[in-house]
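Participant: I am attaching a structure below and will ask some questions about it afterwards.
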Amino acid sequence: MGSLKSEEELQQSGEESNEAILYVNGVRRVLPDGLAHLTLLEYLRDLGLTGTKLGCGEGGCGACTVMVSHYDKKLKKCLHYAVNACLAPLYSVEGMHVISVEGVGNRKHGLHPIQESLARSHGSQCGFCTPGFIMSMYALLRSSQTPPSEEQIEECLAGNLCRCTGYRPIIDAFRVFAKTDNTLYTDISSVSLQEGEFLCPSTGKPCSCGSKAEKNDTCTGGRGMASVEPISYSEIEGSTFTEKELIFPPELVLRKPNSLNLSGFGGLKWYRPLKLKYVLMLKEKYPDAKILVGNTEVGIEVRLKRIQYQVLISVTHVPELNILDVKDDGIEIGAAVRLSEVLKVFREVLTERPAYEISSCKAFVEQLKWFAGTQIRNVASVGGNICTASPISDLNPLWMASRAQFRVINSKGNIRTILAENFFLGYRKVDLARDEILLSIFLPWTRSFEFVKEFKQAHRREDDIAIVNAGIRVYLKQRDQSWAISDASVVYGGVAPLSLSAINTKEFLIGKIWNQGLLQDALKVLQKDILLKDDAPGGMVEFRKSLTLSFFFKFFLWVSHQMDGTECIGNNVPLSYLSAMKSFHRPPVIGSQDYKITKHGTAVGTPEVHLSSRLQVTGEAEYADDTPLPPNSLHAALIMSRKPHARILSIDDSGAKTSPGFAGIYLAKDIPGENNIGPVIADEELFASEFVTCVGQVIGVVVADTHENAKLAARRVHVEYEELPAILSIQDAINANSFHPNTEKILMKGEVDLCFQSGQCERIIEGEVQIGGQEHFYLEPQSSVIWTMDGGNEVHMISSTQAPQKHQKYVSHVLGLPMSKVVCKTKRIGGGFGGKETRSALFAAAASIPSYLLNKPVKLTLDRDTDMLISGQRHSFLGKYKVGFTSDGKVVALDLEIYNNAGNSLDLSLAVLERAMFHSDNVYEIPYVRIVGRACFTNITSNTAFRGFGGPQGMLIAENWIQRIAVELKKSPEEIREINFQGDGSIMHYGQQLQHCTLTQVWNELKLSCEFLKARNEVDQFNMKNRWRKRGIAMVPTKFGISFTLKLMNQAGALVHVYTDGTVLVTHGGVEMGQGLHTKVAQVAASAFSIPLSSVFISETSTDKVPNASPTAASASSDMYGAAVLDACEQIKARMEPIASQHNFSSFAELASACYVARIDLSAHGFHITPEIGFDWTTGKGNPFRYFTYGAAFVEVEIDTLTGDFHTRVANLFMDLGHSLNPAIDVGQIEGAFIQGLGWVALEELKWGDAAHKWVPPGHLYTCGPGSYKIPSINDVPFKFNVSLLKGHPNVKAIHSSKAVGEPPFFLASAAFFAIKDAITAARAEVGNNEWFPLDNPATPERIRMACLDEFTQSFVTSDFRPKLSV
């Protein structure tokens, strides 16, 4: 292994280089040369440590989190911190100790208390994100000398995303490690608890939820654990919690750091010098070399922007670049200092320096809190952030505003100082010569009466890039009887190609007197100073312009408030205006779960933990991408269309064939079987042959020896196109009459036209509702591993799918094999939500072609950006309604046209449209109804199933017109809802009669528990006292029909084996995707045989065990597979009965052995069909659903009317789930669905290249990763999050009186949407606007802000402005 000595120019370096080493989970590993291109994640997974997951590859989801420890010789202690392994270059952790989830604890040697707590608290559903959460928390605990606060715990999880749980159980699980003096906890110590009692993480009080005791009512946060304390702390080990904790390797304490000179793929050179002079020598030799610290920007450039760097210089070990010096006149910060270190030092400074000196430090502390996630802050450097010169950098406007100075050094050692304000020259251009590097930053203390403030608005508060940010400073000096501005700085990010100083505004301010008149004049100057073109990249132009004014207004109020009490400042800030500049403090989440346990036999009805939870918290649970591959395996990558609609003229694969590791390319002509595929009708091609109809359509597949080589080869395939006109939205489709054939559907009840003419409708309203789509964002990307057996006679696969049978069918179809020779197995999937119901089969089919033709195993795992582009989303909808009603609010007639954006193939879009039509009444009695639905053909990726399957879109349209009726009649929407409720005996517009309707009970119990009238009064009081913050509340009901709407799919099979030791193996057609299906089914089997749950095992779902299974979807799986398993168990019990009645057996094992001796068959196949369902579209009448699940939600939100930021203060959810099979799992489903729904209604916006987003290339998806697409984070959980299950209403129509739970709660989140609208209504009333207004979902900060009319928006928009949305 070479060192810098091998370079002639650097021969005098005097730096030695020994072997490069790394410890992983306590094992010493020597790193060979040639791996500079590898990330730590790739290295760990190649070692077989697959607990660390690849979720996104851009440091945005936290699934790849590991802990890195290194010894700091200066501090003489070990630093332990969490990092994103997907971004960390392998050589960046040389000389360190890496602990992955496998090193924390496992089932054989015992779980760590963190793992134990998360498993017990139901904090792991699909389990894919779980290792990341464990590692973030583990790193926090190891590095904390005293227990962390709850706030610190929530902050450390900001960089981790979960799509299943809704976060509340995760917070509860980790809360037991927090300081226990928190007000949330009572003064009960774990010692005073009775034996067998548990401390509830939700309330801090003893509760029965952890015990097996049968109590009628329980408050449960899972099996609570009393608070957990570390057993020891040392400067080397940090805090340890068990005797088995991995120690920091002594070798690394003694070892001197060495310089590195290593190489990687494609001639990449990696240097790690130890002294500044060698950095400068390298920079002189390689002027284009990239200086690296955390790789958080370069890693993304290389992976997503395909930028190739030849020389990387890691400066993490250069002392001169790592200084942190607190001086008398300010702080000097080395360019390589990590952001988390800067934050720590600034926080210390706040407590040590005089208040007037720390205004800028305070601003940095506030801004850094929302800067990326903890894992990124732990490695990203200050200098890296500055020199990247991103136009939306959160920190650069503050450096500029705070009079910071940058020290720059060149290769000759000459140092110059430049003001931050003059450092940024253009888009990602800075004032650095090719041989110069940033050495350090000097931040001066602020002076007396000098004020610096930070501002930022993003789509999501936590771990998100800014839409607009700012740093603003003024320095006031007393002049006669007033205060004059001696100096000022106003800098914005997100409004130009660089961080922009508003020079004219600055010049205008200097010398002016600080008073109210100044504000209005300054805003006028500012408006002309910041110019944004209408077609500016990033869009949202009106919103961004308004934010520049809002931020300045907030700053003005803040400074005036700081100066309150200072004579001569003039008027004090009005009390109602204080809310404009209050910085928001988030309280810890408090949750309660209220349900009754109704046991049935040994297991059914009890809140058991997920059967795989202990495997998931240790990283031992295996997913498709974790499947070990034999040595001759290949990796596949897809060749995809780059045009939305075009004819393929030619395909040149010569570049791919000369690519490293290339093993084959396969196009439409190479398919052995049929190329036409589709779940309902075969209207799409596996590989496009002549035309492409969307960006991302698959044209072929390339295989190579590694995943990266396959992707490289696929990119080198050159396709020539002849472009054709593209249809990119629902409106385009309507204008062009572009609909999928035979998809027009009509449902009618009564003569609607006659009703509108007859005078029964005293009032009539007409309007349009636009509903945005949603990305599934399952944490585990689409993945399949396929291999042949017997020389290609059979094909086997392991896939991440909700429908193994569809994989079997597609693969047999494209290979021309009988289905009996194709087997698909699925052990578990890392989230599905409908996104792996049909679209996943396409990817398995694509991978099967090379596997079959080459007779080699092939793995295809999609990168997150590819997955989001090509796997389809929730359908966007357009609803055009006409509603007639009486003057007291009774709805009389509904005429509705409903369109969904199906995309370029039909997929399941017709069934989604039908369910939307079935649910377009939500829960309301409407005498006359006509609903016409159409599925639009557009040139975007085919949209597909997603939790709710069209139901939520149909119900949201209904709630929109309900809310509008309330405005028209000046009544509350809740009042309009109540007078129109359906009840027992109501006949739906599709002919089904409601039975056992519990809507009113659910609604009334919710209303009682949330004290609705009191809440309304408190919100009104708050709104009267606060001009710039408003609260809103809403109560929304839901009714969700349970069954597949296609009758033939409502069938289920299961296979049950009883073994002679009394254990039971169950296999059924359903897939475990985190929803607890296997756990519930195992509970059914355990209760059927009266054996403990631990005696039942479910291994996997496989097409060779249970044939022809329907997809795991429609919320019906527990009903169907539970009943099928029960059927099989009953058959076996009936055979056992004669033996059982002859003897009194002491155990089930004895009975099983006796039956075996008597030659009784202990295996049975069970089957279930859902009875009494069927719908006829020719008559438009029938019973599409077996029963309905009812629910209602109360939500209170608070919005910042100046920025559009919002918080959910309270969410009370009430559901009728009959007698729950497992209340803890059901509560988890409700919470997870609500938070996912919150994303749909308020956070997650898909931006396609369409007429609304001209700055995105046509047909391309802009939001294709966690960097640009924001699902809810831990910070979006309601402060008070309460879930209750209705008691005493068994469901006679499903197994053990239970009800389905997966999809019904999703729509409850619409209460947050209407609460936001309620708050906006209060804001508009301030300027005298009480008219109804449209609000599209998602109600992002842009939509919220622009709907809150005030003096800052009026110069940009009119009162009916509607921000653009991709539908």
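Participant: Could you estimate the translational diffusion coefficient of the range 957-1053 from the Stokes-Einstein equation, with Rh from the Kirkwood formula over C-alpha pairs, at 4 °C and 1.567 mPa s, in whole µm²/s?
Facilitator: Working: Rh = 16.5 Å.
Approximately 79 µm²/s, per Stokes-Einstein.
Participant: Right, next: Considering the dipole of the chain built from charges on the beta carbon (Lys and Arg +1, Asp and Glu -1) around the Cα centre, which of 128, 889, 1193 is farthest to its positive end?
Facilitator: 128
Participant: Among the DSSP beta bridges whose two residues both lie in the chain, what percent are antiparallel, rounded to the nearest 5?
Facilitator: Working: 176 of 215 bridges.
Around 80 percent antiparallel, to the nearest 5.
Participant: Sticking with this one: What's the magnitude of the charge dipole for the range 903-987 around its Cα centre, counting Lys and Arg as +1 and Asp and Glu as -1 at the beta-carbon? Answer in Debye, nearest 20. The partial results should precede the final answer.
Facilitator: On the way: 8 positive and 10 negative charges, 59 e Å.
Value, rounded to 20: 280 debye.
Participant: Tally Lys/Arg at +1 and Asp/Glu at -1 over every other residue whose Cβ is under 11 Å from the Cβ of residue 559; what's the total?
Facilitator: +1
Participant: Treating cross-link reach as a plain straight distance, find the lysines whose alpha-carbon is under 17 Å from the alpha-carbon of residue 1317, omitting any fewer than eight places away in the same chain.
Facilitator: Those lysines meeting the cut-off are 970, 971, 1030.
Participant: Which is farthest toward the positive dipole end of the range 1124-1252 among 1129, 1153, 1165, measuring Cα position about the Cα centre, with Cβ charges +1 (Lys, Arg) and -1 (Asp, Glu)?
Facilitator: Final value for the positive-end residue is 1153.
Participant: Let me ask another. Work out the charge dipole of the chain with +1 on the Cβ of Lys and Arg and -1 on the Cβ of Asp and Glu about the Cα centre, then indicate which of 546, 795, 872 is farthest towards its positive end.
Facilitator: Of the listed residues, the answer is 546.
Participant: Leaving ligands, DNA and RNA out of it, rank 796, 585 by accessible area with a 1.4 Å probe, largest first. If you can, show how the numbers build up before the last one.
Facilitator: Working: 796 25, 585 115 Å².
Largest accessible area first, the residues go 585, 796.
Participant: Return the calculated 222 nm mean residue ellipticity for the chain, to the nearest 500 deg cm²/dmol, obtained by summing -39500 (n - 2.57) across DSSP H runs with n ≥ 4 and dividing by the residue count. Mind showing how you got there, number by number?
Facilitator: Working: 35 runs with 368 residues, N = 1367.
The helix-only estimate for the chain comes to -8000 deg cm²/dmol at 222 nm.
Participant: Which value, in Å² rounded to 10, gives the accessible area of residue 53 with a 1.4 Å probe and all protein chains present?
Facilitator: That residue has around 0 Å² of solvent-accessible surface.
Participant: Here's a follow-up. Of all the C-alpha pairs in the range 522-646, what % are more than 17 Å from each other? Display every interim value, and only then the final one.
Facilitator: Working: 6326 of 7750 pairs.
Of all Cα-Cα pairs in the range 522-646, 82 percent lie more than 17 Å apart.
Participant: Report, to two decimal places, the Cα Rg of the chain normalised by 2.2 N^0.38 Å (N = number of residues). Write out the running numbers ahead of the final one.
Facilitator: Values: Rg = 31.4 Å, N = 1367, 2.2 N^0.38 = 34.2 Å.
For the chain, the normalised Cα radius of gyration comes out at 0.92.
Participant: Once the Cα atoms of the range 1183-1334 are picked out, what are the Rg and Dmax in Å?
Facilitator: Final numbers for Rg and Dmax: 18.9, 56 Å.
Participant: Could you name the aspartates and glutamates in cross-link range of residue 327, using Cα to Cα under 18 Å and dropping any fewer than eight places away on the same chain?
Facilitator: The reachable aspartates and glutamates, counting only those whose Cα sits under 18 Å from residue 327, are 341, 348, 352, 357.
Participant: Could you provide, to the nearest whole Å², the per residue accessible area of the chain with probe 1.4 Å? Numbers along the way, then the final one.
Facilitator: On the way: 46570 Å² over 1367 residues.
Ligands and nucleic acids excluded, the figure is 34 Å² per residue.
Participant: How long are the three semi-axes of the equivalent ellipsoid for the range 878-980, computed from the Cα gyration tensor as the root of 5 times each eigenvalue, in whole Å, largest first?
Facilitator: Details: eigenvalues 169, 28, 24 Å².
In descending order the semi-axes read 29, 12, 11 Å.
Participant: Here is a follow-up. Lys pairs in the range 431-524, Cα-Cα under 17 Å, at least 8 apart or on separate chains: how many?
Facilitator: On the way: 453/506; 477/506; 477/512; 506/524; 512/524.
Eligible lysine pairs with Cα atoms under 17 Å apart amount to 5.
Participant: Ok, one more. Could you please put 914, 19, 366 in sequence from largest to smallest accessible area, using a 1.4 Å probe? Present the calculation step by step, with values, prior to reporting the outcome.
Facilitator: Numbers: 914 20, 19 80, 366 55 Å².
Per-residue accessible area, sorted high to low, gives 19, 366, 914.
Participant: Over the range 495-573, what is the mean sequence separation of C-alpha contacts under 8 Å (at least six apart), divided by residue count, expressed as relative contact order in percent? Numbers along the way, then the final one.
Facilitator: Working: 47 pairs, mean separation 22.8, N = 79.
Reported as a whole number, the value is 29 percent.
Participant: If you don't mind, another one. Looking at this model, which pairs from 825/1299; 1007/1299; 545/1364; 283/344 are more than 20 angstrom apart at the alpha-carbon?
Facilitator: Working: 825/1299 28 Å; 1007/1299 22 Å; 545/1364 16 Å; 283/344 31 Å.
Over 20 Å Cα-Cα: 825/1299; 1007/1299; 283/344.
Participant: Right, next: Keeping all protein chains in place and using 1.4 angstrom, which order do 506, 362, 1299 fall into by accessible surface area, from largest down?
Facilitator: Values: 506 40, 362 120, 1299 15 Å².
Descending order: 362, 506, 1299.
Participant: Could you compute the net charge surrounding residue 111? Neighbours are other residues with a C-beta less than 11 Å from the C-beta of residue 111; K and R count +1, D and E count -1.
Facilitator: +3
Participant: Provide the net charge surrounding residue 870, with neighbours chosen by a C-beta distance below 11 Å and charges set as Lys +1, Arg +1, Asp -1, Glu -1. Numbers along the way, then the final one.
Facilitator: Working: positive: 839; negative: 863, 865, 867.
Computed value for this residue: -2.
Participant: With a cut-off of 8 Å between alpha carbons and a minimum separation of six or more residues, what is the relative contact order of the chain in percent? Each step should come with its number before you reach the end.
Facilitator: Numbers: 3400 pairs, mean separation 147.3, N = 1367.
Across the chain, relative contact order equals 11 percent.
Participant: Here's a follow-up. Span-like helices, the chain: DSSP H, alpha-carbon axial extent 24 Å or more, mean Kyte-Doolittle 0.0 or greater, which ones?
Facilitator: On the way: long enough: 541-563 (34 Å, 0.52); 839-854 (25 Å, 1.12); 951-969 (27 Å, 0.29); 1117-1142 (37 Å, -0.11).
Flagged H segments are 541-563, 839-854, 951-969.
Participant: With charges set only on the Cβ (+1 for Lys and Arg, -1 for Asp and Glu), what does the dipole of the chain come to about its Cα centre, in debye to the nearest 20? Intermediate results must be reported in sequence, preceding the final value.
Facilitator: Values: 135 positive and 148 negative charges, 204 e Å.
Its charge dipole is roughly 980 debye.
Participant: Something else now. Using 30 Å as the Cα-Cα cut-off, could you pick out the over-long pairs in 749/1293; 890/1025; 77/412?
Facilitator: Details: 749/1293 27 Å; 890/1025 35 Å; 77/412 35 Å.
Table pairs above 30 Å Cα-Cα are 890/1025; 77/412.
Participant: Rounded, prolate or oblate for the range 596-755? Axes are the square roots of the Cα gyration tensor eigenvalues, ordered a ≥ b ≥ c, and the cut-off for rounded is a/c under 1.5.
Facilitator: It comes out oblate by the Cα gyration axes.
Participant: Moving on to the next point. In what sequence, highest mean first, do 172-180, 625-633, 982-990 appear when ranked by Cβ atoms within 10 angstrom? Intermediate values should be presented prior to the final figure.
Facilitator: On the way: 172-180: 24.7, 625-633: 14.1, 982-990: 17.7.
Top to bottom by mean Cβ count within 10 Å: 172-180, 982-990, 625-633.
Participant: Starting from the Cα gyration tensor of the range 366-518, take the square roots of the eigenvalues, sort them a ≥ b ≥ c, and report rounded, prolate or oblate (rounded when a/c is under 1.5, otherwise prolate if a/b is larger than b/c, else oblate).
Facilitator: oblate
The values are calculated or read from the model by the stated rules, or taken from the named source; none is laboratory data. All of these numbers come straight from a predicted model, not from anything done at the bench. Cβ sites come from the backbone with ideal geometry, for glycine too, and all protein chains shown count toward neighbours. The accessibility values were calculated without ligands, DNA or RNA, using every heavy atom of the protein model including side chains. Shrake-Rupley method; radii C 1.70, N 1.55, O 1.52, S 1.80 Å.
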